[in-house]
Amino acid sequence: MMNRLKLFSPIAIAALILVTCGPSTVRLKRLERANLQIPPVTRLAVVDFDDPTHRSLGPAVGNVLVSQLNTQGFYQIMERGKIQSVMKEHAFNMTGAVDPGTIKELGAILGVDAIITGEIISYNVETNRRTEMVERKTGTGRYQEVEKTNPFTKKKYKVKEEIMKTVLVPEERTSKSGTVSINYRMVDIASGKVAVSKTQSSSSQRSYKDNIPGDEQILSGLLNSVTEAFVKDISPHYIVVAKRLLKSKADPNQMGAAYAKQGEWRRAAEIWEKLSAVNQKDPALWHNLGVAYEAMGEVEKAELAYNKAQVIEPGNRLYIEDTAQLRNAFRGALPSENQQVAVDNASGVRSVSAGDGKIVRIETTGEIYVDIGSKSGLKAGDRLLVFGQREIRNPDTGEILDVEQVDKAELSVTKVMLNSALCRTTKQQVGNKLALKDKVKILKAEK
């Protein structure tokens, strides 16, 4: 046994010890299909939303939608600046309240398959201040003898403690109620008809004693929530799921699970595939193999493995849930690398790519880990652009007028794994410090 363990790294051995000590749960990302039935759309444009309150919120709402659609990386999103330029050139004056005919005309000029418009129905926060009676403990001036135990010596001793009572005291509170409601419409350019019309709303109500958030902070969070809900309506999107890894008789030392816990799903799958070839009747083994396939985005293979586990133990609730949870999994093809380029801007960045990701770890040595790898087509030597976002606000109202991209650095990929990559900084903008969750984009290869 010791000779076999020498073949594995200390990390793998540590993971093995953790796995064999009890139930093992892993988290993975699964790509779900859009919630709504949508037409075959690849190229998409988002125009400013209609704002009946005349607070200039339309551009900001559109920008947040574009940002979240880009994060999913399914659609080619037309650059907002180019849309404005074309609209100005052709004398279009439109927001979300225009007729489908005008939108169809603009879509033909832009060369997109669909345009998203909409209307801001509600975007407000109400603030109320009031005095509430809250419970507080206070002393009575009377004492009683109580018995206690010394935690170290375990000896008992007696002390006198003041008898407390509960009283109601006045306390100033600030209540904030926020609501954001937006109607989204996707117009299919080919037919000129509204393919999707959906109103998404989000609200919050909380009472504060101190650390009271500003109205814009509340509204920004609600807008992100509303936008995220609509993006899930029209786009395939990732969700995080928790899956159990079972102890298999065919893999008593759980070496496959040890690799899985480290995110080495390909190696885990290889172990379980070899074991399944000679252990056809082990349902736990088929379940674990299905989890590995699911983690790698191979939905059809995952479903086959889960089905084999269910055939062996048809009444097992976990195996039934395995296949049921794949009901909404996305099974189509993501846009190819050639299709992913929506707009090549001056910096040469692919505006939309299924490989776009974010920084997940920064080492003290300066090495940087990102959450995209060979599964997304990344290769050693590829260059990445790191960027953040800066909000442009109205100085009088505090409202978000726009979201500006701020380039921070360029990275060179030095090592590629399945779902992550190790990079080093090759160029950095002065004063722009890298941070966790900074976004990255794949730069075009130099000719």
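The values are calculated or read from the model by the stated rules, or taken from the named source; none is laboratory data. Remember, predicted model here, so these are calculated numbers, not experimental data. No Cβ is skipped: glycine too gets one built from the backbone with ideal geometry, and neighbour counts run over all protein chains shown.
Here is how the numbers come out for the structure above:
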| read-out | value |
| --- | --- |
| Filter pass, residue 185 being among the charged types (D, E, K, R), in contact (Cβ under 8 Å) with a residue 60 or more places away in the chain and surrounded by fewer than 17 Cβ atoms within 10 Å (Cβ to Cβ) | no |
| Members of the range 268-284 found to be part of a helix (DSSP H, G or I) and either surrounded by 17 or more Cβ atoms within 10 Å (Cβ to Cβ) or not assigned by TED's automatic domain parsing to the domain that holds residue 24 (or both), listed by number | 268, 269, 271, 272, 275, 276, 283, 284 |
| Exclusive hit being aliphatic (A, V, I, L, M) and either under 21 Å from residue 123 (Cβ atoms) or over 27 Å from the mean Cα position of the chain (by Cα) (or both), set 187, 194 | 194 |
| Residue in the range 249-264 that is free of Cβ contacts under 8 Å to residues at least 12 places away in the same chain, surrounded by fewer than 19 Cβ atoms within 10 Å (Cβ to Cβ) and outside the structural domain of residue 319 (by TED's automatic domain parsing) present | no |
| Those helices (runs of 4 or more DSSP H) lying entirely in the range 1-107 with at least 2 residues modelled with pLDDT of 80 or more | 58-72, 80-89 |
| Number of positions in the range 196-235 that are closer than 26 Å to residue 111 by Cβ and surrounded by fewer than 19 Cβ atoms within 10 Å (Cβ to Cβ) | 3 |
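Listed here are the residues, each with its yes/no results for (1) touching an Asp or Glu at 6+ places or on another chain (Cβ under 8 Å); (2) assigned to a strand (DSSP E or B); (3) within 22 Å of residue 35 (Cβ to Cβ); (4) not aromatic (Phe, Trp, Tyr).
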site	(1), (2), (3), (4)
166	yes, yes, no, yes
173	yes, yes, no, yes
177	yes, yes, no, yes
199	no, yes, yes, yes
210	no, no, no, yes
